[in-house]
Amino acid sequence: MSSLLVEAAKRLASDKKIMDSYWEYHEGIQNWFFSPNANLDNAEHRPYSFPSPNSWKRLTSNERKKKWNNAFSLRQKMTLTTLAGFGYEGKRINLDSSKHFNRLREAYMNWSPNLYSVFWKDGGNGKSWLCNVFVGDAIYLCNGKSFTSSNNHYYDPKQIYAGSSFLSKRNSYKDVKAGDICVFGSHHVEIITSVQKNLIADDGFCSIGAGRGGNKGDMGLIKCDSFFSLEIPVKVNHPFRFKVSSVNELF
């Protein structure tokens, strides 16, 4: 089943709407990101309907404002205005402008009913990385299960590294398989896509995730590392860099 998680991760990485939303959230350009998981904390669904152009034209200016404010939740409006290019605050919207209405309606049409805009507050300073969201979303796409803690947020790298989730740690690099989860120094997490067996160089693995490298082009990019810095729970004389867990318990 681990191979199915690898394929799910690759599909997720190729989904431009989701990956772009990860990056925009990371950059602070918008205050939400797309996820296929409706069970996450503060996940908002797409509105069930949107006014037609003809029905909108028949409304007065006050009726349009009332319709906009009452027909959609605040999070739905933030999502629509962001997708329409007005920013999540929507300060530049003129509801009496047919061009602005058409942009909002197009944003609604482009919002897949299978995606949910997720609004998570950032308790820290700086940019918000979503490497754990990538892993959690990939697991959800694979088997429909939520890899979340009690607050309905995906387990973060520190929690996984500390063993707070129900993943079991690999005892040896020889046991590592594609589909395992790898934590980098307790601050970044990815899904292993393949294991490399080398005759001369150190054995290694390739993994996929969101954020390693710090550039938009690195989102969903497969990168490779060596096993010589794999952290395993055995006594050693020097520190290791990685910790790998099996995801078999998720299936």
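The values are calculated or read from the model by the stated rules, or taken from the named source; none is laboratory data. Just so it is clear, the structure is predicted and the values come from calculations on it, not from any experiment. Here the Cβ is made from the backbone with ideal geometry for all residues, glycine too, and neighbour counts use every protein chain on show.
Among the residues of the range 171-192, is any assigned to a helix (DSSP H, G or I), closer than 23 Å to A8 by Cβ and modelled with pLDDT of 85 or more?
First, pick out the residues of the range 171-192 that are assigned to a helix (DSSP H, G or I): 173-175.
Subset that is closer than 23 Å to A8 by Cβ: 175.
Pick out the ones that are also modelled with pLDDT of 85 or more and you get none.
So far as the range 171-192 goes, no, none of its residues is assigned to a helix (DSSP H, G or I), closer than 23 Å to A8 by Cβ and modelled with pLDDT of 85 or more.
Of the residues contained in the range 52-69, none is found to be within 21 Å of the chain's Cα centre (by Cα) and either modelled with pLDDT of 95 or more or among the polar types (S, T, N, Q) (or both). Scanning the range 131-152 for residues being in contact with a Phe, Trp or Tyr (Cβ under 7 Å, 6 or more places away or on another chain), surrounded by fewer than 22 Cβ atoms within 10 Å (Cβ to Cβ) and assigned to a loop (DSSP other than H, G, I, E, B) gives a total of 2.
Scanning the range 106-129 for residues that are touching a Ser or Thr at 6+ places or on another chain (Cβ under 9 Å) and either at pLDDT below 95 or farther than 17 Å from K17 by Cα (or both) yields W120, D122.
Just one residue in the set E63, E89 is over 30 Å from I139 (Cα atoms), free of Cβ contacts under 8 Å to residues at least 24 places away in the same chain and in a loop (DSSP other than H, G, I, E, B); that residue is E89.
To keep it simple, each residue is scored yes or no on (1) over 18 Å from E27 (Cα atoms); (2) touching a strand residue (DSSP E or B) at 6+ places or on another chain (Cβ under 6 Å); (3) at pLDDT 85 or above.
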position: S194; (1), (2), (3): yes, yes, yes
position: L199; (1), (2), (3): yes, no, no
position: A210; (1), (2), (3): no, no, yes
position: G217; (1), (2), (3): no, no, yes
position: I222; (1), (2), (3): yes, yes, yes
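Selection of first residues in the range 66-85 that are surrounded by 12 or more Cβ atoms within 10 Å (Cβ to Cβ) and of second residues that are of a type in the set (G, A, S) and not in a helix (DSSP H, G or I), restricted to Cβ pairs under 6 Å at least 6 apart or on distinct chains, gives the following pairs, ordered by first then second residue: T79/S117; T81/G90.
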